[in-house]
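See structure below.
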Amino acid sequence: MGKGKPKQQKTSRAPKGPKEPYWSPLPRQRFSTSQTAGIVARHIVPLAGVLLFGWSAGEFVLLSVFNIAFSMSCIGVVGVAVSTRKEVGPSPNLADAIGSWLMLVLVGLILSLVLTGLFGWVVALFVAWHMSIAWAALTMVIAAAPALFQQYQADMRSTLTEEDRKKRDQPQALVLALCAGLIFIMSGYVGVFGRYGQIVMAIAVTALFIFRDLRPDLMRELTRPKDRPPASDA
């Protein structure tokens, strides 16, 4: 009897659709004293406005939205800057490097204001504008600048590709979006509790933001989808 044709094994095709975020567990980051101080100072500014200057919940929420918008903007700005610099080569001198970094901070600030306007305009309608809000936002940017520069330098030294960096930052963007949603939910109920409710909300949100930046590894695990266990990451 002649042998029949060997059966061809069916190969499973990868499902079409957007790529999954990169959910591999992160090692715990070790921050220096100056890095920790910068993170705490950045997030403590809106809380100080509530406790020391009697700011309303609207002013606190508006600055918190700006805080999240600045974090989101910097993820993109730093990513583009690293990719561009790796293509064109290192800066020719120190003055050029400083100028380029200041330009990146300025671009991130502008994008943050745009995002704050898009997502916080409803809150802004009920906030009495004053220069203290602008000075507070500027203080937050200054406090965040050193950590951003260190992230930029770390990515420049890293061997990760542009695609790998995007996958790495996707869960971080999701954490920021969840924080924004939590702020809006809490702000809708804070009026029920009056002044004391505002203070409790401000303290809780500030603690959450500080914990988020000091322990990004735990925040990633807390927001990990149930269908994305560590072992499933390729």
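The values are calculated or read from the model by the stated rules, or taken from the named source; none is laboratory data. Quick caveat: nothing in here was measured; it's all calculated off a predicted structure. A quick note on method: Cβ atoms are made from the backbone with ideal geometry, for glycine too, and the neighbour counts reach across all protein chains shown.
Some points to look at:
- For segment 170-206, the candidate set comprises residues that are under 20 Å from Thr116 (Cα atoms) and among the small types (Gly, Ala, Ser); within that set, the residue that is surrounded by the most Cβ atoms within 10 Å (Cβ to Cβ) is Ala202.
- Among the residues of segment 113-165, those that are farther than 25 Å from Gly38 by Cα, in a helix (DSSP H, G or I) and at pLDDT 80 or above comprise Gly117, Leu118, Phe119, Glu162, Glu163, Asp164.
- Of the residues making up segment 154-188, those that are free of Cβ contacts under 8 Å to residues at least 60 places away in the same chain and polar (S, T, N, Q) number 3.
- Filtering Asp169, Asp227 for residues that are modelled with pLDDT under 85 and assigned to a loop (DSSP other than H, G, I, E, B) leaves a single hit, Asp227.
- Taken over segment 78-112, the residue count meeting the criterion of being within 30 Å of Glu59 (Cβ to Cβ) and either part of a loop (DSSP other than H, G, I, E, B) or of a type in the set (Asp, Glu) (or both) is 0.
- Contacts under 6 angstrom Cβ, first residue in segment 21-35 being under 20 Å from Gln170 (Cβ atoms), partner modelled with pLDDT under 65 and part of a helix (DSSP H, G or I), 6 or more apart: Pro25/Pro230
- Meets criteria (in contact with a helix residue (DSSP H, G or I) (Cβ under 9 Å, 6 or more places away or on another chain), β-branched (Val, Ile, Thr) and surrounded by fewer than 20 Cβ atoms within 10 Å (Cβ to Cβ)) for Val105: yes
- If you go through segment 45-71 and pick out every residue that is surrounded by fewer than 18 Cβ atoms within 10 Å (Cβ to Cβ) and in contact with a Ser or Thr (Cβ under 9 Å, 6 or more places away or on another chain), you end up with 1.
- Here Arg195 does not qualify as assigned to a helix (DSSP H, G or I) and touching a Pro at 6+ places or on another chain (Cβ under 8 Å).
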